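To keep things clear, I will list the structure first and then write my remarks on it.
The values are calculated or read from the model by the stated rules, or taken from the named source; none is laboratory data. Fair warning: this is a prediction, and the values are worked out from it, not measured in the lab. All Cβ positions, even for glycine, are placed from backbone atoms using ideal geometry, and neighbour counts span all protein chains on display.
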Amino acid sequence: MSISTERKNYYWLFAQYVYLSISGLITLKLNISHFGAEQFGQWLLLISIWNFGTALDLGFSTAVIKFIAQYRDEAENKLNEIVSTTFVVFVLIGITIFVLVNIFFSSFYLTDEMSSQQFNMFSNIFLIMGAIFLVRYISLFFRSLFEGFSNFAFSSKVNIIQYTLMVISVLIVTYLDLGMLDLALFYLLVPIIALLIFIIPLKRYYPQLHFNLSYFNIKLLGEIFKFSFSIQLTNVFSGFLDPLVKYIISTEANLSFVSVYEIAKRITTSIANLFWTTFKTILPKTAKLKSLDQIQNFILTDCVKVSRFGIAYSGFFFGIILVLISMFIKYWFHLEETVLVLIILAIPETINTFGYPLYAFLIGVGKASFLVFLQFVNLISVGILLLLSFRLLDNSNGLLGIYLSVLFGNSLIMLYIKNRYGISIKLYFKKSKIYNLALINFLLLIAIVIISKAIVSPIIVLSFLSIISLLILHKEIYSFFMLAYSDFLSKS
């Protein structure tokens with residue numbers, strides 16, 4: 001993949017994440033205003049059931065990206081075996097989830113407490129939502145196929161088109177004062193259009209692909225399932241993490257503190273997810289690595305570059321402009337303690353952002369079993385360290401247990417890569433300029449101590465943090481900005 005293509009992928013992934021976040025807030029606001037919080041709350045309940053179904057892809061979307069990337073330059077038969085086998089599996093899994101969720105819904109959700117009118121309306125809406133799920137599930141296969149060929153720009157464009165059509169649909173429903181059933185039908189039309197956009201140009205982009213049942217390979221399916229099952233286990237363990245943290249908070253602090261934690265967590269994870277989404281191009285690139293020399297070179301060039309940018313990225317959001325984010329939270333939610341929790345949760349995200357390229361690399365080279373172990377260890381360590389830190393500190397600073405766990409987990413990744421691939425940790429740290437990350441972490445910890453002791457106003461403390469972070473990282477941030485700007489000019 002050329003440098004210009006790689007940068008193009010980065011920019012489109014970045015644009016997609018920002019656009020989807022903004023358009024999602026717009027549609028949410030319009031729908032609540034039009035249907036009311038209670039009625040649209042019922043819609044959200046129904047859609048959440050199907051969203052859970054989407055999570056049960058058994059890791060096959062990640063597997064499609066990995067195996068397409070791994071074999072795309074080899075014999076066409078092998079590639080056609082991969083796309084044909086995984087497509088059949090996607091369709092079968094999608095239909096199975098569709099049937100099972102409908103059975104569950106009919107048996108447990110529709111009750112006698114509903115009027116016959118409500119029963120019929122929500123039954124029809126739920127069936128339409130099921131059709132939406134099925135179309136999107138199949139679209140997920142084609143999106144993964146494009147991303148396996150490192151064409152993230154195209155999949156990002158399709159997602160942007162899809163969300164634009166959703167905003168238009170909501171505007172039409174609102175303007176014409178239509179009902180919720182009409183909204184569901186519009187929402188069904190949108191993913192159908194997106195699916196067609198994926199399918200129609202497929203032959204033009206990849207004429208070597210042929211979908212045929214004769215290419216279905218049971219042995220290959222076993223290989224893919226072995227990899228994808230490990231990915232699914234990783235998702236299961238990571239999925240348990242949030243409920244565990246909230247349970248410990250509710251028992252060691254109080255229930256109201258759970259809301260404070262949720263607000264701060266959403267802000268910090270949104271910032272981190274923007275970075276991870278932009279650089280998920282690492283996954284298909286790692287799947288093509290064969291020799292030890294290629295792997296070592298990739299880690300000490302590509303991964304180092306992303307880690308180094310991750311430090312600058314974290315320093316910008318969790319250092320330079322954290323004061324602005326905190327002011328927004330303080331005056332929007334009117335919860336003073338949220339600012340302190342935001343700073344505490346920002347520190348582990350700086351570590352995760354630094355370690356993300358190595359985590360994605362391990363997925364790409366098929367080390368999912370280690371990542372399952374890592375997520376299990378993370379789940380246990382978060383529980384233990386969070387409990388201990390709450391008991392020892394007896395305040396919101398007990399959330400520092402999450403930071404300690406993340407630090408421990410990322411250290412395990414570094415040690416594994418050192419032992420498995422002979423990478424010098426010292427060299428990786430030096431090339432990625434980890435001392436900048438250490439300084440940002442130190443400043444955040446100092447800010448936590450000062451704010452928790454109520455020595456100085458949080459805004460004053462974060463203002464100083466902003467100035468110092470800018471002094472530390474201004475050259476790094478400027479160099480990345482100029483790189484992006486010059487690349488933009490070259491395309492103009």
Identity of the residue in segment 173-215, aromatic (Phe, Trp, Tyr) and assigned to a helix (DSSP H, G or I), that ends up surrounded by the most Cβ atoms within 10 Å (Cβ to Cβ): 187
Restricting to segment 441-492, and then to whatever is farther than 20 Å from residue 313 by Cα and of a type in the set (D, E, K, R), can you tell me which residue is modelled with the highest pLDDT? 453
Of all residues making up segment 133-145, the number that are within 22 Å of residue 71 (Cβ to Cβ), under 18 Å from the mean Cα position of the chain (by Cα) and crowded, with 21+ Cβ neighbours inside 10 Å: 3
Quick one: in segment 43-60, which of the residues that are of a type outside the set (A, V, I, L, M, F, W, C) and buried (at least 17 other Cβ atoms within 10 Å of the Cβ) is modelled with the lowest pLDDT? 57
Screening 355, 383, 364, 422 for residues that are crowded, with 17+ Cβ neighbours inside 10 Å, of a type in the set (Gly, Ala, Ser) and over 20 Å from residue 283 (Cα atoms) leaves only 383
Meets criteria (touching a residue at least 40 places away in the same chain (Cβ under 8 Å), among the small types (Gly, Ala, Ser), within 20 Å of residue 21 (Cα to Cα) and assigned by TED's automatic domain parsing to the domain that holds residue 152) for residue 194: yes
The condition of being in contact with an Asp or Glu (Cβ under 8 Å, 6 or more places away or on another chain) and part of a helix (DSSP H, G or I) holds, among 155, 144, only for 155
The residue from 385, 404, 412, 392 that alone is touching a residue at least 24 places away in the same chain (Cβ under 8 Å) and either part of a helix (DSSP H, G or I) or under 16 Å from residue 304 (Cα atoms) (or both) is 412
Which of the residues spanning segment 390-414 are surrounded by fewer than 21 Cβ atoms within 10 Å (Cβ to Cβ) and modelled with pLDDT under 85? 391, 392, 393, 394, 395, 397
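Just give me the residues in segment 171-183 being hydrophobic (A, V, I, L, M, F, W, C) and under 16 Å from residue 132 (Cα atoms), in sequence order.
Of everything in segment 171-183, those that are hydrophobic (A, V, I, L, M, F, W, C) and under 16 Å from residue 132 (Cα atoms) turn out to be 180, 181, 183.
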